[in-house]
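Coordinate-derived values only; no laboratory data. A quick note: this is a predicted structure, and the numbers were derived from the prediction, not measured. Cβ coordinates were reconstructed from backbone atoms using ideal geometry, including for glycine residues, and neighbour counts include every protein chain displayed.
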Amino acid sequence: MRVVRNEGFIKKRLQFTQRGSLLGMGLLVVSFILSTRNQYQLTLAAWALLVVGFVVAMVAVQVGNRYVRPPRPDTVLDKLLKGLDSRFVAYHYFYPAEHLLLTPSGLVAVQMQSQRGRVWVRGKRWRHGPFLQRLRVLLGDSPMGNPAAELRRTMAETQKVLGALGDQVAALPMEGLVVFYADKVQLSVDEPEVPVVTAEQLKAKLREMADVHPALPSRSHKAAAAALAGQAPLEEEAEPQEEPAQAPKGRRRRR
């Protein structure tokens, strides 16, 4: 498998996390100092700074957990897909679908979910439990929300972006996949809107999805891989390797 990663995007998230954490902590310290003054107006200001500081700090923590704290979802996905041949190419953090895979027959948008514990999927309904597991959101973990709805949204936005890369790329079939990659997740799935798998099931599911559509001709696959990476047509690689990230031509790189 080959990998193209937007290192600039990750670097900006690291800087945001560091600065946001410092700003949030600074506001909390100022709030504490003001709260020691026996003045009504200063007390109101202290409460306001407390709320703002807490929100800023929590946002910084959530961004850090998603994009900075190891293991990052992109590196986890690379490890899970190790062993796939060079026709599988992963593009991380270039598109609204943050993890976009070019397979032998099309595209797969992968929604990575870090939740642990029990997860129930019943049609359109998603539930994460037990209650104590959901409280981890207060410690900076990302809330689960509705992964299927989020996946559909990012796929639609990605399709619009791909239109700027030419008809050949825009015409590629795209499917979606939700992956719960935590070791301690217990997944219960019944007639989901989109495919939902654990880390152990991912590789087999991708191969199954790739077999649904006819394989792309070698020349078309190379052209699509190059366009998605913003490069000239890529030469065949003897061994899987990570390629330098470049912003695809015809659109702006994600920031």
Point to revise | Helix-only [θ]222 nm of the chain, DSSP H runs n ≥ 4, -39500 (n - 2.57) each, per residue, nearest 500 | key: -14500 deg cm²/dmol
Exercise for review: Any chance you could give the angle, 0 to 90 degrees and rounded to 10, that helix 199-210 forms with the longest Cα principal axis of the chain?
Suggested key: 40
Review point. Looking at the square roots a ≥ b ≥ c of the eigenvalues of the Cα gyration tensor of the chain, which shape do they give, rounded for a/c under 1.5, prolate if a/b is larger than b/c, or oblate?
Key: prolate
**Study point:** Length gained when the stretch LYS124-MET25 is fully extended (0.36 nm per residue, less Cα-Cα span)
**Key:** 31.7 nm
Revision key, fill the gap. With a ≥ b ≥ c from the Cα gyration tensor eigenvalues, square-rooted, and the rule rounded for a/c under 1.5, otherwise prolate when a/b > b/c and oblate otherwise, region 7-67 is prolate
Exercise for review: May I ask for the angle, rounded to the nearest 10°, between helix 40-67 and the longest principal axis of the chain, with both axes built from Cα atoms and the value confined to 0 to 90°?
Suggested key: 20
**Study point:** Beta bridge orientation in the chain: antiparallel %, DSSP, nearest 5
**Key:** 35
Check your understanding: Label ARG152 and SER220 with points 7 Å out from Cα along Cα→Cβ: what is the distance between them in nm?
Key -> 2.8
Review point. How large is ³J(HN,Hα) for each residue in region 152-157, as worked out from phi by the Karplus curve 6.51 cos²θ - 1.76 cosθ + 1.60 (θ = phi - 60°), to whole Hz, x for Gly and Pro?
Key: 4, 5, 5, 5, 5, 5
**Study point:** Sparsely packed trypsin sites (Lys or Arg not before Pro) within region 14-100, loop by DSSP, other Cβ within 10 Å at most 10
**Key:** LYS82
Check your understanding: How far is helix 218-229 tilted, in degrees, relative to the longest principal axis of the Cα atoms in the chain, given as a value from 0 to 90 rounded to the nearest 10?
Key -> 20
Point to revise | FRET E, pair TRP47, ASP190, Förster distance 51 Å, beta-carbon r, rounded to 0.05 | key: 0.65
